[in-house]
1. Please go through region 224-240 and pick out each residue that is free of Cβ contacts under 8 Å to residues at least 60 places away in the same chain and under 16 Å from Leu114 (Cβ atoms).
2. Restricting to region 1-43, name every residue that is of a type in the set (Val, Ile, Thr), farther than 20 Å from Thr299 by Cβ and either touching a Leu at 6+ places or on another chain (Cβ under 9 Å) or within 16 Å of ligand 1 (Cβ to nearest atom) (or both).
3. From (1) over 23 Å from Gly207 (Cα atoms); (2) part of a loop (DSSP other than H, G, I, E, B); (3) more than 16 Å from ligand 1 (Cβ to nearest atom), pick out the condition that doesn't hold for Arg46.
4. Based on this model, can you work out whether Thr100 counts as within 16 Å of ligand 2 (Cβ to nearest atom) and either touching a residue at least 60 places away in the same chain (Cβ under 8 Å) or polar (S, T, N, Q) (or both)?
5. Does any residue of region 263-275 turn out to be within 14 Å of ligand 1 (Cβ to nearest atom), within 16 Å of the chain's Cα centre (by Cα) and in contact (Cβ under 8 Å) with a residue 60 or more places away in the chain?
6. Of all residues in region 171-193, how many are part of a helix (DSSP H, G or I) and surrounded by 17 or more Cβ atoms within 10 Å (Cβ to Cβ)?
7. Please go through region 63-75 and give me each residue that is closer than 26 Å to Thr95 by Cβ, assigned to a loop (DSSP other than H, G, I, E, B) and away from ligand 1 (no atom under 16 Å from the Cβ), ordered by number.
8. Only one of (1) modelled with pLDDT under 95; (2) buried (at least 18 other Cβ atoms within 10 Å of the Cβ); (3) away from ligand 2 (no atom under 16 Å from the Cβ) fails for Cys311. Which number is that?
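The values are calculated or read from the model by the stated rules, or taken from the named source; none is laboratory data. What you are looking at is a predicted structure, and each value in this text was computed from that prediction instead of being measured. In this analysis, Cβ positions are derived from the backbone assuming ideal geometry, glycine residues included, and neighbour counts consider all displayed protein chains.
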Amino acid sequence: MSKPEILIVAKLWPPYLQQLQDTYIVHDRIYETDPAAFAQIAPRIRAIAGGGESQVTRALMDQLPSLEMISVFGVGYDRYDVAAARERKISITNTPDVLTDDVADMGIALMLALSRSVPQADKYVRQGKWTSGPMPLARKVSGARLGIVGLGRIGSAIARRAAGFDMSIAYTSRNQVLNCPYKYYPTPAALAAEVDFLMVITPGGAGTKGLINADVLSALGKTGYLINVARGSVIDESALIVALQNGVIAGAGLDVFEDEPNVPEALCAMSNVVLTPHVASATWQTRKAMASRAVTVATLTFTRLGNSGSCSISGPRVARSIAALSGTKNTAC
Ligand code: NAP
Ligand code: 8YV
């Protein structure tokens, strides 16, 4: 039997790309590099593979009459047209759970780096400024108040880590989590008013666009810090820049941005901001686990173990197969 042909829509992690190339006939972003050749092979494409930040539109799917599956190397799929996929019963699969620890670790890392001025302290030593006197004092994290926007898999893992710092923990989400020990606030603004650190970890997309706006930042207040490891779209970036420039909040730790990889010059220029280039899940260990999960789900789907279902997004059959294989389960709170 001939190998399935698949379309890659992002610059994928090379070992993952290699795994795909070993198993499938891979067309890597050919629609961008050679539209005429793409038109020739498009009718044979059975799957799309992309990353969490990739965009897959209805228009692209419309050019692929044999499309059966979309595989997301990541947990977020906010730039994939899920409605268009569902209309055609195209499975969308993603890689939740295996990256939860890393993203939670990075949320905590950004909170500590920001409050304790770690990047600034490193520069201080390297630039020889220590000999002229001590650095300005920082902000204590242990015992402070943490607010989590989105208490899902990653939000809950952040909460568990923060408990180790004796932080008081509160959260907001659309639904209150049952039997959860953390205090619930119905809106981000209500939560922001009661915390020192506001950690954002919701999905991106239309449902959360601009969720953290000028009102929320003003509620967080001039001693409050914002950390975003979710998606750039969840924060009103212009409002954030104005808030940082005017001392409306104390600082921000950001792993994600509205127009990646372009980061506003204004953010780069501010010393009360810590910036990372969307690397929250970027460790060798987690990338390997994500690749293994993505390839396993794709194989299951192509071998018809659950071709009408998908992993965690739109159907239970493959999700069950994967849970059985990997022993994973969803845990919130
Ligand atoms: P998850 O388990 O689905 O949790 C998402 C949480 O967000 C849920 O608690 C959900 O609760 C809440 N939520 C959704 N819409 C909301 C809204 N409008 N207002 C408030 N809360 C809302 O997902 P996860 O595995 O924790 O991943 C979360 C997100 O992290 C991903 O979708 C992705 O965008 C991002 N991420 C980023 C990186 C990175 O590299 N920086 C890596 C991995 C993931 P309700 O449904 O009750 O509202
Ligand atoms: C990845 C992510 O960096 O999982 C997500 O939603 O944003 C990150 O884990 C990304 O998916 C790799 O392309």
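1. Those that are free of Cβ contacts under 8 Å to residues at least 60 places away in the same chain and under 16 Å from Leu114 (Cβ atoms): Gly224, Leu226, Asn228, Ile235, Leu240.
2. Ile30, Ile41
3. (2)
4. Considered against the rule, which asks whether it is within 16 Å of ligand 2 (Cβ to nearest atom) and either touching a residue at least 60 places away in the same chain (Cβ under 8 Å) or polar (S, T, N, Q) (or both), Thr100 comes out as yes.
5. no
6. The number of residues fulfilling the criteria is 4.
7. Result: Gln63, Leu64, Ser66, Leu67, Glu68.
8. Of everything listed in (1) modelled with pLDDT under 95; (2) buried (at least 18 other Cβ atoms within 10 Å of the Cβ); (3) away from ligand 2 (no atom under 16 Å from the Cβ), Cys311 misses just condition (3).
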